[in-house]
Amino acid sequence: MIRFSISVFMVIFLVLQGMAMSLLPAKIVYSELLVTPHWVLCLIMIIAIFFDKDDMYHSVWYGLLFGLLIDVVYTGVLGVYMVTYAMTAYVIHGMQKWFHANFIASVLLAVFGVAIADMLLYVIYSFVQVTAMDWGDYTTLRLLPTVLANAVFFVLLYPLFKNRVEQWSDRWQSA
């Protein structure tokens with residue numbers, strides 16, 4: 001039941017992530033700034049921080065599965081989001097051991113995770129020549145707005161899911 005609940009929320013965020021740009025004001029959407037919503041990744045990072053224990057890697061598996069779904073539904077290159085989300089979940093899972101699972105540490109891990117994921121996407125898309133944006137323009141026009149927007153989303157998501165995910169983890173451990 002727990003895996004089903006997590007998967008339902010992930011699918012909801014997958015759909016909402018695709019509609020996120022239509023929720024923003026037209027002034028932002030049609031500006032030079034490029035904001036990429038990584039809402040599924042934000043939930044994966046909450047799972048990595050609060051659900052996974054030392055020997056559990058559910059967040060990595062969710063990163064693989066839902067990254068592949070994002071590739072299939074929204075992109076033209078298969079495997080890019082799948083690898084990026086799984087690697088980011090693995091890094092955040094490893095780093096969360098160094099921090100206490102509190103609000104500030106979680107937000108910092110989320111900011112770091114979104115930044116790492118978006119930079120990996122940029123490097124991969126540059127390598128396969130999908131994008132030709134130089135590093136300076138990428139940093140100011142895409143990376144910073146993306147990290148800021150996803151940090152705001154993570155701050156909104158945190159109080160809604162933190163306790164629920166911890167309860168799911170406790171139930172999973174006791175089962």
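How far apart, in nm, are the 7 Å Cα→Cβ label points at residue 95 and residue 160?
Placing both labels 7 Å along Cα→Cβ, they lie 2.3 nm apart.
Two decimals, Cα atoms only, Kirkwood Rh: what is Rg/Rh over the range 94-175?
Working: Rg = 16.3 Å, Rh = 14.7 Å.
A ratio of 1.11.
Cα to Cα, under 27 Å, and not fewer than 8 places away if on the same chain: which lysines meet these conditions relative to residue 53?
List returned: 97, 162.
Against the longest alpha carbon principal axis of the chain, how many degrees, from 0 to 90 and to the nearest 10, is the axis of helix 103-127 turned?
Compared with the principal axis, the helix lies near 40 degrees.
So how tilted is helix 144-174 from the main axis of the chain? Cα-based, degrees 0 to 90, rounded to 10.
The angle comes out near 20 degrees.
Among 136, 79, 94, which one shows the biggest mean-square fluctuation in a GNM of the chain, springs joining Cα atoms closer than 10 Å?
Evaluated over the chain, the most mobile residue of the options is 136.
How far is helix 80-95 tilted off the main Cα axis of the chain, in degrees rounded to 10, range 0 to 90?
Approximately 50 degrees, to the nearest ten.
Provide the gained length on full extension for the span residue 133 to residue 61, in nm with one decimal, where the gain is 0.36 nm per separating residue minus the Cα-Cα distance. Don't jump to the answer; show the numbers that get you there.
Numbers: separation 72, 0.36 × 72 = 25.92 nm, distance 3.10 nm.
Residue separation times 0.36 nm, minus the Cα-Cα distance, leaves 22.8 nm.
Charges only on Cβ, +1 for Lys and Arg, -1 for Asp and Glu: so what's the dipole of the chain about the Cα centre, in debye to the nearest 20?
380 debye
Quick one: compute a quarter of the convex hull surface over the Cα atoms of the range 2-170 and quote it in nm².
Numbers: hull surface 38.2 nm².
The number I arrive at for the range 2-170 is 9.5 nm².
Specify the residue with the greatest mean-square fluctuation among 103, 51, 154, computed from a Gaussian network of the chain linking alpha-carbon atoms under 10 Å apart.
Comparing 103, 51, 154 in a Gaussian network model of the chain, the most mobile one is 103.
FYI, it's all coordinate maths here, none of it is from the lab. On a predicted model such as this, the values are computed, not experimentally measured, just so you know. Please note: Cβ atoms are built from the backbone with ideal geometry, for glycine as well, and neighbour counts cover all protein chains shown.
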